[in-house]
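A short reminder: the numbers here are calculations on the coordinates, not readings from a lab. Computed from a prediction, not measured in an experiment: that's the story for all the values here. Reconstructed Cβ throughout: ideal geometry from the backbone, glycine too, with neighbour counts over all protein chains shown.
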Amino acid sequence: MLLRHAAAILLCAQLMGCDQLSALTTPVTEKVNSAFPLPDALQVAHKSLRQSLADNPAALQETDDQFGKLMNVRALSCTATSPIGRLDTVAAIRRKVRDTDCFGRQDAELDQWVSLRRLVLLHAKPPLSPWVELSGKVPMPHLGDNSSMIASASASNVIVVRSGQRFNVLEIPGGRQLQSIPVPDLSYRPPQLGLPPVSRTVCLAL
């Protein structure tokens, strides 16, 4: 009996071809997401999120489970008007789906989900430069005559100074530059600058 079933499966595989056999054994949502992959930047951000959880297997598993569910929602939402069959290959799905703009909307939500979790993990880390009480006045490093918009962290010896078209993240005392980022081009109003307590991120109110 088993030999008969095995022979039938082998015959079906030969008749269907490798692509259709793979389509039959691959979940529909996985095929849809393969046909319309995530943008490169989102894939990099997701990989970075997973790497930051490498030392916490339970949190990594929870994140993978949640992201997997969101990916299933992405696939099902964007094929609601284009039903996908079990035998549809990735190439066939790519031709069949009409509402391709849906993937852009779903990817924007996924990007926000990944970004928020990366921010939470960053703010949970120790201060970039541990806070110590400064004795007396501390001279500021010279960054040019047009320096302005100074923001400081409440739990870290770090400040951010705008100098021209750059935001410079500095350690105090000493003035060692930790990071430098460009100022957004906003002609209608200047950005408002903020620095969270542990100074792991720079906040801009645009």
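Run the quick spin-label model on Leu178 and Gln51: label points 7 Å from Cα toward the beta carbon, then report their separation in nm to one decimal.
The modelled label-to-label distance comes out at 2.0 nm.
Over all distinct Cα pairs, what is the inverse of the mean 1/r for the stretch 31-111, reported as the Kirkwood hydrodynamic radius in Å?
Result for the stretch 31-111 stands at 13.7 Å.
So if we plug the beta-carbon distance of Gln66 and Thr100 into 1/(1 + (r/R0)^6) with R0 = 41 Å, what FRET efficiency do we get, rounded to 0.05?
E(calc), rounded to 0.05, equals 0.95.
With labels modelled as points extended 7 Å from the Cα through the Cβ direction, what inter-label distance (nm, one decimal) is found for Ala124 paired with Leu87?
The answer from the label model is 4.8 nm.
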